Every structure is written in structure tokens, then in C-alpha cells.
Amino acid sequence: MGATQFAVGLPRYGRRPPVRLLPPPQERRTRWRALRDSFLVRFVLALPDGPVEAAWALLEPARKAWWLLVRLWAGPGMRGGWESDAGRLLLAVHGAYWTREAVRADEPNCYARVTDEGVVAVRAKWLDVEEECGRVHAGVRATPRLRALRRRVDIGFPDGSWLTVRTLTPGAAELLREVLEAEVPRGIGAGRAGLNT
């Protein structure tokens, strides 16, 4: 049984799980990193070091407003609750970041591995293959035309849930689509119509 691995990121416009669903962090003192990442603290810390960092801190509200507009245009990054197949995979990636750094990353990067049987497993980049999570049968969900991006791939699951990943290159997105379309996931039935809605 072969497998293909892809470096992907969960888009910034996707949903982040609530903290209560994430595992406890390894160190409590790392929670101060979240405070350190706040706009006011970054602005105050950036001022003495240099004008470039201070300017970037000033642009933080504009960046957040931009990502809100992108989220409205791109639509949701997942469909289904946190108990769905897509939700469990997202919790696995966000949980790895929360356990290690005690922050909910804006755009968590991970590896998505797809086997020849159409099984998808995910893991954070610093974890070994043995620690990957998920192992869910999946296929490709057709992205609505207005929201189609060259590096965006919507992965659909048999329970009707789906999630969006962003590949590093457009070529990797095409390859990921081809690998996911190669096998019909178990439980989908005769056709792929459930994934293409």
C-alpha cells in the first residue's frame, strides 16, 4: 500500500476550535506567548527595536480586517461539527499546536498523507509518521466556481463533512486532487455525488 504526502496549511479563514476541545498544553508558562502576540504588547515591544517592526505592528488591525474580507469571500474552511470526520482532523492539527505552543495558530501547517485506498491522515510538521491522526476515507469536494483558488483543495468525507487545505504550489494542489479522485472512499456508495455538492 503506497502513500503520497503533501505539505499543506489550513487557511486563515477557516474555523479554529474552541480551547475547551484542545488537549492541555505541556507547559503553562507558554500561555504567555498568546499575550505576547497581542497587538498592544507587540507594538510596545517593537518600538524600541526598530521602526520596521513598529510599522508592522501598526498594520495589524488592517491585516485582521483584510483576512475577515477574505473569509467572507472564500466562505467557510470546513463544514460539519467538531465530531465529524473533518472536525476530528482539524482538532488533531490544532491540538498539536496547542499542546506544543499553547496558541491557536492562525494558519497551522501540517502534512496530509493520502494512501492508495483514499485514506487521509494528518500530522503537524514536527511529529513523526507514527503520531499522525485521522486515517479517514476521503475524496475531492468540488469547490464553488467563484471560490476556486489554484492552491485550494476541498477534501470531502463520507459523513458529508469537508475541510479546505492550501497547498504550497498549484501543482501540488492538482496532484492532491488526482490522488484523492483515484479511489472512491468507502461508505460513499456508487457515486461521488455526495462529495461534489
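Of everything in the stretch 178-190 that's open to solvent by 50 Å² or more (accessible area, probe 1.4 Å) and part of a helix (DSSP H, G or I), which residue is modelled with the lowest pLDDT?
A182
How many residues does the stretch 141-158 contain that are over 18 Å from D85 (Cβ atoms) and among the acidic types (D, E)?
Count: 0.
In the stretch 127-154, what residues are over 21 Å from A96 (Cβ atoms) and either more than 16 Å from the chain's Cα centre (by Cα) or assigned to a loop (DSSP other than H, G, I, E, B) (or both)?
Of everything in the stretch 127-154, those that are over 21 Å from A96 (Cβ atoms) and either more than 16 Å from the chain's Cα centre (by Cα) or assigned to a loop (DSSP other than H, G, I, E, B) (or both) turn out to be H137, G139, A142, T143, P144, R145, L146, R147, A148, L149, R150, R151.
Just for the stretch 89-121: of the residues that are modelled with pLDDT under 80 and not charged (D, E, K, R), which one is farthest from the chain's Cα centre (by Cα)?
Among those that are modelled with pLDDT under 80 and not charged (D, E, K, R), it is A102.
Does any residue in the stretch 145-169 that is surrounded by 15 or more Cβ atoms within 10 Å (Cβ to Cβ) come within less than 8 Å, Cβ to Cβ, of a residue that is of a type in the set (S, T, N, Q) and outside any loop (DSSP other than H, G, I, E, B) six or more places away or on a different chain, and which pairs are these?
R151/T167; R152/T164; V153/T164; V153/T167; D154/T164; I155/T164
Quick check on the stretch 88-139: of everything there that is of a type in the set (F, W, Y) and open to solvent by 50 Å² or more (accessible area, probe 1.4 Å), which residue is nearest to A65 (Cα to Cα)? Working first, answer last.
Here is the first cut: in the stretch 88-139, the ones of a type in the set (F, W, Y) are 97-98, 111, 126.
Subset that is open to solvent by 50 Å² or more (accessible area, probe 1.4 Å): 111, 126.
Details: Y111: 29, W126: 31 Å.
So the residue we want is Y111.
Out of all the residues in the stretch 43-87, which are open to solvent by 80 Å² or more (accessible area, probe 1.4 Å), at pLDDT 85 or above and more than 29 Å from R145 (Cβ to Cβ)?
Residue satisfying the conditions is E83 alone.
The values are calculated or read from the model by the stated rules, or taken from the named source; none is laboratory data. Here the structure is a predicted model, which means the values were calculated and not measured. Counting neighbours? That spans all protein chains shown, and the Cβs are built from the backbone with ideal geometry, glycine included. Ligands, DNA and RNA are stripped out before the accessible areas are found, and what is left, the full protein with its side chains, is counted by its heavy atoms. Shrake-Rupley method; radii C 1.70, N 1.55, O 1.52, S 1.80 Å.
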